[in-house]
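The values are calculated or read from the model by the stated rules, or taken from the named source; none is laboratory data. Since we're looking at a predicted model, the values are computed, not measured. Don't worry about glycine lacking a Cβ; one is built from the backbone with ideal geometry, like all the others, and counts go over all protein chains shown. To get the accessible areas, we keep the full protein, side chains included, count just its heavy atoms, and leave off ligands, DNA and RNA. Shrake-Rupley method; radii C 1.70, N 1.55, O 1.52, S 1.80 Å.
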Amino acid sequence: MTEYTAPQVAIIGGGPAGLMAAEALSLAGVQVDVYDAMPSVGRKLLLAGIGGLNITHGEAYDTFCARYGDRRPQLQAVLDRLPPSALRAWVHGLGIDTFVGSSGRVFPTQMKAAPLLRAWLHRLRSAGVRLHVRHRWLGWDADGALRLASPGGEISLKPQATVLALGGASWPQLGSDGAWLPWLKARGVEIAPLQSANCGFEVAWSAHLRDKFAGAQLKSVALTFTDAQGRTEQRQGEMVVSAHGVEGSLVYAFSQRLREQLNAHGSATFTLDLAPGRDAARVVAEVSHPRGSRSLSSHLQSRVGLTGVKVALLHEVLGKAQFADAATLAATIKALPITVRTPRPLAEAISTAGGVRFNSLDQNLMLTALPGVFVAGEMLDWEAPTGGYLLTACFATGLCAGQGARDWLNRRHPAWALGKG
């Protein structure tokens, strides 16, 4: 009787997507080898946990899925395999408790990523998953074997299936450098250009504002943006005035629409309400109040609560005569225009837009041009805001790719599938 051994699968990339694919395959009895270019795996996960690991979000599932925008149709079936509730249960299975914050975001009770990663790696190693660090993928050779640069020199592998989970091109210092693009393009894979997502934008500030207020936080402001389709959205929050322009959570929430407006029209302008707690009529009344001998800055601080960088921003758009006109000044306080010129470089972005197009994949995330090669995580052409949506989709696509590779191997090795116990 012919004996069948577990098929070998190589996973390139040891982030959340790659490790989740490894778990799905190891549960099926498949021998899995994970290769990562860095000295240790999960580095971007650890970085994400510095300020508190936002695993997922606790909002209604339909609302959650809508956060993926025009990629929801492609991601819905993937997310259905590991919705936020199931992801939380998976985290609990590692012995890590979670809680839902006031914003609806879900965190580990300890807030840190390291305990979760340690528990996960212990479980993976116990299941027979082999981790190989300092192994950088170099593409394929002429015979279709994987080329890897290892500490001992270049090696080649011919696994029976491969999962690629190399990330996008943000945070290249952690291994996600986009080096894979030409190798996949050469194999006929369609790829949308990689672009910055959840990123800052450049603004042509005056030298005075750059020198005096770079790094200043803008708290309690409301950002309003109307896109080319006439859709208007307003959100209140915080942002930062940087030497280059603007960044921070409020800007990141609008980054996709701002970038698309820039790509289509070359410029994008949003407005800031510097006093969202006061309606327009009240601001006009406060600004119009006689200020006597007080300076205009003191007047704005005492009557409207504006200080520092908020006043400096008004000076960016108003001349002396406009400052003297109460109606103009009040209107600008409630809707200060800021025109952004370009997104900040991809290496500075929190995440990546673009990547392997879904029309190059089957429903299990296998490349139709490369049977047996699956893709997961940020390599795929999707994006999402911060708030747990990025990590959830990375985990879910990793699970889908791992299960897809398992099913593909089962079809190719039916006797092994029946006998694996």
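Filtering the stretch 360-388 to residues that are in a helix (DSSP H, G or I) and surrounded by fewer than 24 Cβ atoms within 10 Å (Cβ to Cβ) leaves only 360.
Residue-by-condition table, conditions (1) charged (D, E, K, R); (2) open to solvent by 40 Å² or more (accessible area, probe 1.4 Å); (3) in contact with a Cys (Cβ under 9 Å, 6 or more places away or on another chain):
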{"site": "232", "(1), (2), (3)": "no, yes, no"}
{"site": "242", "(1), (2), (3)": "no, no, no"}
{"site": "266", "(1), (2), (3)": "no, yes, no"}
{"site": "273", "(1), (2), (3)": "yes, no, no"}
{"site": "286", "(1), (2), (3)": "yes, no, no"}
{"site": "304", "(1), (2), (3)": "no, no, no"}
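Check the stretch 323-346 and report whether any residue there is assigned to a helix (DSSP H, G or I), in contact (Cβ under 8 Å) with a residue 12 or more places away in the chain, on the phi > 0 side of the Ramachandran plot and crowded, with 23+ Cβ neighbours inside 10 Å. Looking through the stretch 323-346, none of the residues is assigned to a helix (DSSP H, G or I), in contact (Cβ under 8 Å) with a residue 12 or more places away in the chain, on the phi > 0 side of the Ramachandran plot and crowded, with 23+ Cβ neighbours inside 10 Å. Residues in the stretch 91-117 that are closer than 20 Å to residue 41 by Cβ and either of a type in the set (D, E, K, R) or without any contact (Cβ under 8 Å) to a residue 12 or more places away in the chain (or both): 93, 112.
One line per residue, one yes/no per condition, for (1) touching a strand residue (DSSP E or B) at 6+ places or on another chain (Cβ under 6 Å); (2) not in a helix (DSSP H, G or I):
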| residue | (1), (2) |
| --- | --- |
| 11 | yes, yes |
| 14 | yes, yes |
| 23 | no, no |
| 47 | no, no |
| 50 | no, yes |
| 72 | no, no |
| 77 | no, no |
| 110 | no, yes |
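Listed here are the residues, each with its yes/no results for (1) open to solvent by 30 Å² or more (accessible area, probe 1.4 Å); (2) touching a Leu at 6+ places or on another chain (Cβ under 7 Å); (3) within 23 Å of residue 410 (Cβ to Cβ).
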site: 23; (1), (2), (3): no, yes, yes
site: 34; (1), (2), (3): no, yes, yes
site: 47; (1), (2), (3): yes, yes, no
site: 88; (1), (2), (3): yes, no, no
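Restricted to the stretch 128-209, the set of strands (runs of 3 or more DSSP E) holding at least 2 residues that are over 30 Å from residue 313 (Cα atoms) and open to solvent by 70 Å² or more (accessible area, probe 1.4 Å) comprises 153-157.
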